[in-house]
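Comments concern the structure below.
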Amino acid sequence: MKKRLMRIFLTLLVLALTAAALPAADAGAEAAQDGGLTYTEWKEQLFSAPRFTFSHHKDGIWRGTCAVYLAPVQDALRLANGYQNVDTNHDIYEGGYTEEGWLFVRYKNDKGYTRVGYIPGYEVRGFKSSLSMRTFARIGAVAAGTIPVTDNPVKDGEAFTELNEGDSFTILGKYVYTGNWWYIECTAKGKTARGFIPRETAAFYPGEDVADNLHQAPVTLETLGAPEKSPLETELMGYVVVNGKEGDDRKRVRGDATSDSKWLTSVYPGRRYPCYGIKTGERRKDWYYVFVEEDSVWGYVLGGFVTFEK
């Protein structure tokens, strides 16, 4: 009897240990199956990373001298040895409030250098931004080498930190109004900071949330290429080159194949844009469905303004 009970006990013990191990195995299998984004999905996020601009207030916003931080959190990095300020009673650019209630600003410091940062909401209480709430993407990335990070997107300003190979950071958007930059969030001097890295030269890998990122080559603006499919599920069919030479008038990209549809952005003479379809519009004119990568915009440009290339 005792031997029988002992066998039953041992059998139950083995079953219990096996069952305890199964969830971990299942979790691992589930993580492998649903382990975040695919590499293609991650690249699509880069293609659609939001572009942002600032609204100019030539005479200031009249909130006096305000503290400026490099991220919209109280313990974020603050330059000038922790005393970075901006006099809001003078020329300033604002980019709207963040979800955290901080005002996103671009300004010049007392040495004439452009800076971008955040003013705590309580310091600009009562100011009403003309822009909608500022929202950013959250795209994980890992530096493939040394990348300087600056808070000056107008000229190649001095870097306040560097990303080293293997450092993780988050891509928030892109800034192409002055220069060509990724806007990122990283850790600098042990604190949260946001700044700009050059899109042409910065090379990085997908972040840890990408399931199939092993053995992938570093991504640069050159290797990013063009999306495989458009929002209309059409595939890349070729490229269009905008007619004319550099300095000629830009051409409008519209939301549909009509001259009175919404103006979304512009394309520039001599530049090349990926094309995903041709649509016959008013007066039987052809319109080309293109992707304007720097603006993350899909739209139509009139055929008479471009030359199609396969």
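None of the figures in this text is laboratory data; all of them are computed from the coordinates on show. All values reported here derive from a predicted model rather than from experimental measurement. Cβ sites come from the backbone with ideal geometry, for glycine too, and all protein chains shown count toward neighbours.
Relative contact order of the chain: 14 percent, from C-alpha pairs under 8 Å at least 6 residues apart in sequence.
Pairs from the table (111/174; 251/285; 58/128; 111/191; 43/174; 111/155) lying more than 18 angstrom apart at Cα are 111/174; 111/191. Could you tell me which of rounded, prolate or oblate describes the chain, using a ≥ b ≥ c as the square roots of the eigenvalues of the alpha-carbon gyration tensor, with rounded for a/c under 1.5 and, failing that, prolate when a/b is larger than b/c and oblate otherwise? Judged from the Cα gyration tensor, the chain comes out oblate (a/c at least 1.5, b/c at or above a/b).
When the square roots of the Cα gyration tensor eigenvalues are ordered a ≥ b ≥ c, the ratio a/c for segment 238-309 is under 1.5, which makes its shape rounded. On a 0 to 90° scale, report how tilted helix 2-33 is relative to the longest principal axis of the chain, with both axes built from alpha carbons and the result rounded to the nearest 10. On a 0 to 90 degree scale, this one is about 10.
Segment 283-307 and segment 68-146 have Cα centres lying 35 Å from one another. Zone of residue 263 (label point 7 Å along Cα→Cβ, backbone N under 13 Å): which residues in segment 277-305? Label zone hits: none. One decimal place: the segment residue 243-residue 45 gains 68.3 nm when fully extended, by the rule 0.36 nm per residue minus the C-alpha distance. Less than 22 Å apart at the alpha-carbon level, and either on another chain or at least 8 residues along: which lysines does that give for residue 245? List returned: 310.
Among 50, 218, 72, determine the one that fluctuates most according to a GNM of the chain built with springs between C-alpha atoms less than 10 Å apart. For the chain, modelled as a Gaussian network with Cα springs under 10 Å, the answer is 218. Here the Debye sum runs over all C-alpha atoms of segment 139-224 as equal scatterers in vacuum, and log10 of I(q)/I(0) at q = 0.21, 0.27 Å⁻¹ comes out as -0.97, -1.52.
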